[in-house]
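Before any comments, here is the structure.
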2 protein chains.
Amino acid sequence: MKLRPFTLYLLPVLVIAISSSFQVRAANDQRFKTSSPFATALQTLQKQIGYTFKSIGLLRRAMTHSSFSEESNRALSILGGYVIDTSVSLRLLNKDIDISPKDLNRRVSETSNVEISCAVDGMHLGLQKVVRVSPKTNSTVPAVVCGAFRAIFGAIAVDTGKCDDAGDVFLRVHSAGALVVLLDVDDENLVIMLTLHAFFKSLMVYGSIET
Amino acid sequence: MKLRPFTLYLLPVLVIAISSSFQVRAANDQRFKTSSPFATALQTLQKQIGYTFKSIGLLRRAMTHSSFSEESNRALSILGGYVIDTSVSLRLLNKDIDISPKDLNRRVSETSNVEISCAVDGMHLGLQKVVRVSPKTNSTVPAVVCGAFRAIFGAIAVDTGKCDDAGDVFLRVHSAGALVVLLDVDDENLVIMLTLHAFFKSLMVYGSIET
């Protein structure tokens, strides 16, 4: 087919128009994927805890209260609680094989306590602003925040298939939370930096580095 | 120095005599190390569970009731209990992320139940004959057997520094125990073979192989 000159001029215009359309569509998809405040919050949360999910659906589920959906964080929260108990007691026994059962139980109870520890750690991560609840549910209630917090570590365990990976992230986050309290920190970026710092701190508190 | 012929004949005799002495001494040391029924039982136990300790002292501690010594298995038992709960719930969630909290709790409770599950598993390993107790203590009491059983997995976790390694051994042993019940097995060697078989069975029960 012999193309007329005018048609030839049209071709690049068409090409540009079509490719621009694809780019706009891609950009729209991108904006659709990331424009949700919830999706953005999940990205931030992964940076805060220093762990990137292979299956983001697990973190989505961890941040979903049972009032919002049947696909909720309750089972992950149960697993996360066990991960935390195991991680804390393993670290303590590694540090001191002669720790008394009484002290061991006390330390594990302190860490798993909903109001004093669990919900506090969750608040430091701002989970009360992330977790999806029904309009009738108050997301700042300790049980809701704690459930979401524990579910994070259940989700990591399922994502990696490993209890130890989830436990390591918990110890890091938990130690960072302690620093946040100490320094009265609000800045999100500073919380991320403190998380890195806390990784080393956790080695001192629970691990083998002598203080 | 010029050796007389007679001396030359003596030399090999001396060499043989000295080396035999070393061999006997080594054999004696070996016998001293392994002649204790308790030490022998620990070696057998490691074969039964399919795990060899780097620090045998941990298994010794796991097989020591608090009535026998202050250096007992109580703290390891606490950790072992958490390892078991974590391992069971992680496997179940890996198999079915939508498992209900109610079913998850039920399955974990069944596995951790002292009389129905834990002490039964311990009896299959013959722990009532291994665990050291004071003369006044009955080693066949479920709480004693269960404590020793859980302590094994606490000990493995400390030995490896890993919750997952201990959890894997538990799932294997627990599944083998189920087979022992089914087949009414007493033979120790057959128990060891069944443990290997159960490794694959545990993949079906808790893992990703479709039945």
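Taking other residues whose beta carbon is less than 12 angstrom from the beta carbon of A:Phe68, and scoring Lys, Arg as +1 and Asp, Glu as -1, yields +3.
Among A:Thr111, A:Thr137, A:Thr86, B:Thr160, sorting on how many other beta-carbon atoms sit within 10 Å of each Cβ, with the fewest leading, yields A:Thr137, B:Thr160, A:Thr111, A:Thr86. Full extension of the chain between A:Ile116 and A:Ser134 yields a length gain of 4.0 nm, computed as 0.36 nm times the residue separation minus the alpha carbon distance.
Are any of the pairs B:Lys95/B:Lys162; A:Lys162/B:Lys129; A:Lys102/B:Lys136; A:Lys102/B:Lys47; B:Lys54/B:Lys129; A:Lys102/B:Lys102 more than 28 Å apart by Cα-Cα distance, and if so, which? From the list (B:Lys95/B:Lys162; A:Lys162/B:Lys129; A:Lys102/B:Lys136; A:Lys102/B:Lys47; B:Lys54/B:Lys129; A:Lys102/B:Lys102), the Cα-Cα distance tops 28 Å for A:Lys162/B:Lys129; A:Lys102/B:Lys47; A:Lys102/B:Lys102.
How do B:Ser89, A:Ser117 line up, fewest other C-beta atoms within 10 Å first? Mind dumping the intermediate values first?
Values: B:Ser89 28, A:Ser117 19.
Ordered by Cβ neighbours within 10 Å, fewest first: A:Ser117, B:Ser89.
Phi angles of the stretch B:72-86 translate, via the Karplus equation with coefficients 6.51, -1.76, 1.60 and θ = phi - 60°, into HN-Hα couplings of 10, 8, 5, 5, 4, 5, 4, 4, x, x, 5, 4, 5, 4, 5 Hz per residue; Gly and Pro are given as x.
For B:Thr64, the amide hydrogen comes within under 5 Å of the amide hydrogens of B:Asn73, B:Arg132, counting only partners 5 or more places away or on other chains and with H modelled in the peptide plane.
Answer rounded, prolate or oblate for the stretch A:124-178, using the Cα gyration tensor with square roots of eigenvalues a ≥ b ≥ c: rounded when a/c is under 1.5, else prolate when a/b is larger than b/c, else oblate. Present the calculation step by step, with values, prior to reporting the outcome.
On the way: a/c = 3.27, a/b = 1.67, b/c = 1.96.
Here the stretch A:124-178 falls in the oblate category.
Remark: the stretch B:137-151, residue by residue, has Karplus-estimated 3J(HN,Hα) of 9, 8, 6, 8, 4, x, 5, 5, 5, 5, x, 5, 4, 4, 4 Hz, where x stands for each Gly or Pro and the curve is 6.51 cos²θ - 1.76 cosθ + 1.60 at θ = phi - 60°.
Readers should treat all values here as calculations from the given coordinates under stated rules, not as data from a laboratory. Model, not experiment: these values are computed from the prediction. Note: ideal-geometry Cβ built from the backbone for every residue, glycine included; neighbour counts use all protein chains shown.
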